[in-house]
1. Given the residues THR135, THR131, which is the only one that is modelled with pLDDT of 95 or more, in contact with a Ser or Thr (Cβ under 9 Å, 6 or more places away or on another chain) and assigned to a helix (DSSP H, G or I)?
2. Count, please, the residues in the range 174-213 that happen to be within 19 Å of GLU226 (Cα to Cα), touching a helix residue (DSSP H, G or I) at 6+ places or on another chain (Cβ under 8 Å) and of a type in the set (Gly, Ala, Ser).
3. Please give the number of the condition HIS128 fails out of (1) over 18 Å from LEU80 (Cβ atoms); (2) free of Cβ contacts under 8 Å to residues at least 60 places away in the same chain; (3) surrounded by 15 or more Cβ atoms within 10 Å (Cβ to Cβ).
4. Of everything in the range 105-122 that's within 20 Å of the chain's Cα centre (by Cα) and under 20 Å from GLY188 (Cβ atoms), which residue is modelled with the lowest pLDDT?
5. Taking ALA153 as the residue in question, decide whether it is of a type in the set (A, V, I, L, M) and without any contact (Cβ under 8 Å) to a residue 24 or more places away in the chain.
6. Output the number of the condition that ASP229 fails; it satisfies all remaining conditions of (1) among the acidic types (Asp, Glu); (2) under 20 Å from the mean Cα position of the chain (by Cα); (3) farther than 16 Å from GLN96 by Cβ.
7. Select from the range 62-104 the residues that are among the acidic types (Asp, Glu) and assigned to a helix (DSSP H, G or I) and write down the one among them that is modelled with the highest pLDDT.
8. Name, by its number, the condition in (1) more than 13 Å from PHE44 (Cβ to Cβ); (2) modelled with pLDDT of 90 or more that does not hold for LEU198.
Amino acid sequence: MPIHLVPQPVHTVPAQGQSGADSLGGDAYAYGQVVDDEPATPRFAGLRLVHAALRRDLARLPNALRLLQPDEDDKGEALLRHWNFITAMLTCHHEQQDTRLWPIVRRFAPELRLLLNWLEDDHHNLDHSFTRVTTLVRIASRDTGSAWPVAYAMEDLAARLETHLRIEERQLLPRMERVIADGSRLGGLGELLDLLRLADGPGVADALAWLLEGVEPALVERLLAECDDDVARNWPHWHATYQRCTSPLWGPVDGPVGGAGSGTGAGYGLGPGPGFGGLGSVAD
């Protein structure tokens, strides 16, 4: 990415004051601030969880494809379902950024407009690249003779995505912390789950199990505390179903939440919302 697209000077945050009984005197709020306490979870947890899950799965999918045997039709179908799932999650992630986050950042940090324009263009390019690789994965899931070249294509795409994610994390998220206040739901896990409920894509249960794989149990509890009661109540069942459905693909899961080699939410129909695997629901 050309360096001139990355703004260098640090600007002060546009603020909006409060008046009346709830005023904090001369203090000013950044966009969306509702409290001045320290956040219970990392800032922009929804974005960061998506980034971590994409990195995790794009690191292990190529090798899983290389190890696919000619008589493992079920595993080939599972790999294809999983690829389709992460592609759908990436699309939803890009929509969250382009339609909800970037307009606010543009308004309150206009010096970032060139960078945001580049990121939006790259979102479209990445979406098209994932669509092209999907065609290759569909072939390789049925013809193991093509698995190795398709695995290399996955790795090339993962390297390209890594560049994009690093630019967001190193150049944009620090600025967003000054524009979007601590108490805002923007970029958080709750907002992401709300968007998934409205979208024609992965279900909330599938997405949540995928996002929280490998996360420390204490942090999982804090993240669930920010979700609605239905999510918190159903989480143990969703997580157990997730582990059961993904163990044939990635191996058994060690630990209370998941670790290396544990499963991914490849559209397994864990709960309300469209699933891709037809492997049951929370009622099963």
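1. Numbers: THR135 fails: in contact with a Ser or Thr (Cβ under 9 Å, 6 or more places away or on another chain).
Among THR135, THR131, only THR131 is modelled with pLDDT of 95 or more, in contact with a Ser or Thr (Cβ under 9 Å, 6 or more places away or on another chain) and assigned to a helix (DSSP H, G or I).
2. Count: 7.
3. (3)
4. VAL105
5. yes
6. (2)
7. Among them, the one singled out is ASP98.
8. For LEU198, the exception is condition (2).
The values are calculated or read from the model by the stated rules, or taken from the named source; none is laboratory data. Bear in mind the structure is a predicted one, so any value in this text is a computation, not a measurement. In this analysis, Cβ positions are derived from the backbone assuming ideal geometry, glycine residues included, and neighbour counts consider all displayed protein chains.
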